[in-house]
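The values are calculated or read from the model by the stated rules, or taken from the named source; none is laboratory data. None of these values were measured; they are calculated from a predicted model. Glycine gets a Cβ as well: all are built from the backbone with ideal geometry, and neighbour counts include every protein chain shown.
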Amino acid sequence: MTQLDQLDGIIAFVEAATLLSFTAAGEKLGITKSAVGKSVSRLEERLGTKLIHRTTRKLTLTQDGEAYLASCRHALQEIGSAEHALAARNQELAGRLRIDAPAAWGRQFLLPLLTRVAKKHPGLTLTLSLTDRIIDPVEEGVDLAIRFGETKDTNGLVRRKLLTQRALIVASPEYLAARGIPDDITALQAHDCILGFRRDIPTTWRVKTADGSVIRISPPATHEIGDGAAIVDAAVAGLGLAQMPSSLVSEHIKAGRLVAVLPDQTGVPVEISALWPATRHLLPRVRHMVEVLVEEAKKGALGM
């Protein structure tokens, strides 16, 4: 028996088991009732077990038949998903892509990437929101969201890790010359600090303890700024210490505009992830954008 015959037997069984009728299954498959029955019989013979009880009045599944039906349905769904994915890759990207990302990172890294993608696919249109506010992509109709750090509530969402960075505490050389360099975590309480905020609550910082565990601390909220790029600018201007992902401060550190302090205690890993509403089949434009982000992350183009 060829593999094609085996697959035909499985399809005949699935239809007969679903409809509980050889006649109905034959009509759906475009073959005779007898052909369906013979295909199922050959499948049972090959498996060495009875899948369907036949009487003159009705068909019923055996216990083995119910278990095998569930497995076959799952396998056929996987095949269908693979075909859909391949077909989607060959479609021209079109339609509106709605993306939300952190403000500073989105301007510096995501926007140039989106510009290249949109130029390459003229049928694609963009709606881009750049904000440090955490949103619910499902509730706000966003196709793709980029998030830094922990993603506690992912109900109804699919998550794909893009890369891991370090969260650095930095300050300008001028600020450190005037106020001194903190020599441990507790010394941060004596410094001016620049914090983000959500819902009027200052954000916390993540640091390492002596045993290597990660904890959250609440530094003095000397200045509260709701935009990541503005926080970096304020730190460069000498307003105080700030904790930001390495991708947003590395160039300033290289140029000497910022200095990282307590690197052994504050270089906490921060994940950058893509999240999108869980759907059975991703829209081609969403799938493509996720693939582009993953590839760019591998090349180090989304920050280090």
When ARG46 is run through (1) closer than 15 Å to LEU7 by Cβ; (2) surrounded by 15 or more Cβ atoms within 10 Å (Cβ to Cβ), the failure sits at (2)
Scanning region 17-65 for residues that are assigned to a strand (DSSP E or B) and in contact (Cβ under 8 Å) with a residue 40 or more places away in the chain, the one nearest to the chain's Cα centre (by Cα) turns out to be LEU61
Being among the hydroxyl-bearing types (Ser, Thr, Tyr) and more than 30 Å from LEU93 (Cβ to Cβ) is the requirement here; does SER250 meet it?
yes
Inside region 284-302, the number of residues satisfying the requirement of being assigned to a loop (DSSP other than H, G, I, E, B) and surrounded by 19 or more Cβ atoms within 10 Å (Cβ to Cβ) is 1
When every residue in region 201-212 that is closer than 18 Å to VAL261 by Cα and of a type in the set (A, V, I, L, M) is compared, the one surrounded by the most Cβ atoms within 10 Å (Cβ to Cβ) is VAL207
Listed by first then second residue, the pairs whose first member lies in region 254-279 and is more than 23 Å from VAL214 (Cβ to Cβ) and in contact (Cβ under 8 Å) with a residue 60 or more places away in the chain, whose partner is among the acidic types (Asp, Glu) and in a helix (DSSP H, G or I), with beta carbons under 9 Å and at least 6 positions apart or on separate chains, are ARG257/GLU251
Going through region 124-139 in order, the residues found to be in contact (Cβ under 8 Å) with a residue 40 or more places away in the chain and not in a loop (DSSP other than H, G, I, E, B) are LEU124
Within region 60-71, is even one residue at pLDDT 80 or above, among the hydrophobic types (A, V, I, L, M, F, W, C), in contact with a Ser or Thr (Cβ under 7 Å, 6 or more places away or on another chain) and over 30 Å from GLY267 (Cα atoms)? no
If you go through THR203, THR222, the only one that is free of Cβ contacts under 8 Å to residues at least 60 places away in the same chain, in contact with a strand residue (DSSP E or B) (Cβ under 6 Å, 6 or more places away or on another chain) and closer than 17 Å to PRO102 by Cβ is THR203
Here the residues within region 120-151 that are surrounded by fewer than 13 Cβ atoms within 10 Å (Cβ to Cβ) and at pLDDT 85 or above are LYS120, PRO122, GLY123, THR127
Taking region 152-198 and the residues there that are acidic (Asp, Glu) and modelled with pLDDT of 95 or more, the one that is nearest to PRO219 (Cα to Cα) would be ASP192
